[in-house]
Amino acid sequence: MLEDKLVHTLAQKHHDDHEMTGEDYDDLKHQQEMEEELYEDDEMEEEAEDVPEMELLAMMDAEEDSLHVVRRLFYSGADLVSIETKLLGRNALASLREQGFVWLDGLFDGDVIQAAREAALQLAESGEMIPAGMVRLEDDPFRDRKARDDVICWLHKDQHPATHPALDAVLDKLQLIQRDIASVIRLKGQAEYQLAVYKGNGGHYERHRDAFPIDDDADEEQRRVTVVVYLTDELETNVGGGLKIFRPLGHEQIVESAAGRVMIFLSGVVDHEVLPVFNMRAAVSAWIR
Ligand code: OGA
Ligand code: NI
């Protein structure tokens, strides 16, 4: 990872400096230098930490397109011929690999989506969800807390507050989707599910990426695939809240948050932004690793 590389490069630089200058000085001089170097160390580490996430990602992309990096986590083409999937067709999985994203309609029953939406809105009204900006950073280190206007709660099957059968049904289907995705990309088998509700009034979520691009199969931390199910009311218009995605590189497109639509993308690859929302917008996101 470039982040590691940055740190490594800095460490290497310190090492070189030391070798170049450390040799022919008397003790006092040497000590002074060591102190200076320590000071520099601090400064440099701070600089490395201070690189804004989007800038770091842009640097990584410039080095190698993140799609190419993450694609190395996919099984090779030959293995794909014989896969059998439950919900996602081979074309959808191929798009995920080739483009980094794909969206599908018709995987969910309209009634389930409507019931899950009602449950979501009730939860949002009940005060049981919290502003995403207040989520503890260690629970969600990838979030830019100031950059989003939704309320959220984590969902666990059969567990409060997501005890609603319709939300459970959404989680069940997400698990099947996860299984299908696992037939093409190496996964650790972990997932987190989050319900997010935007209450309208132009709330949005700034451009961001859900993970760093990685090709290290041993990594357990970075999210590998994001799956979002839109709990939108079929009859409502003027909802806003489309998902703008910045892929292929240099292009943008908007995926409308249509009822029951499932948006799947590689978490470390696709920059995305939730456009201003003018009517209640509910969605369940799954991050799978
Ligand atoms: C997210 C996110 C997209 C959406 O929660 O990280 O970007 O369309 N969600 O809700
Ligand atoms: Ni996101």
- Within the range 53-77, what residues put their amide N at less than 16 Å from the label point 7 Å along the Cα-to-Cβ vector of residue 186? 68-77
- Message: Whole percent per 10 Å bin, from 0 to the bin with the longest distance: what is P(r) over all C-alpha pairs of the range 127-280?
- Response: 10, 37, 42, 11, 0
- Message: Students often check this: by mean Cβ neighbours within 10 Å, which of 249-262, 204-217 ranks highest, and how do the rest follow?
- Response: 204-217, 249-262
- Item | Where labels lie 7 Å past Cα in the beta-carbon direction, separation of residue 75 and residue 176 in nm | 2.0 nm
- Message: If you average the alpha carbon positions of the range 259-289 and of the range 172-194, how far apart do those two centres end up, in angstrom?
- Response: 16 Å
- Note on the structure: Neighbours of residue 230 by Cβ distance under 12 Å: Lys/Arg at +1, Asp/Glu at -1, summed charge -2
- residue 62 paired with residue 126, simple spin-label distance in nm, labels 7 Å along Cα-to-beta-carbon: 4.9 nm
- On full extension of the chain, what length is gained from residue 94 through residue 251, given 0.36 nm per residue of separation minus the C-alpha to C-alpha distance? 54.5 nm
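Each value in this text was obtained by applying a stated rule to the coordinates, not by laboratory testing. Worth saying up front: this structure is predicted, and the values here are computed from it rather than measured. Glycine gets a Cβ as well: all are built from the backbone with ideal geometry, and neighbour counts include every protein chain shown.
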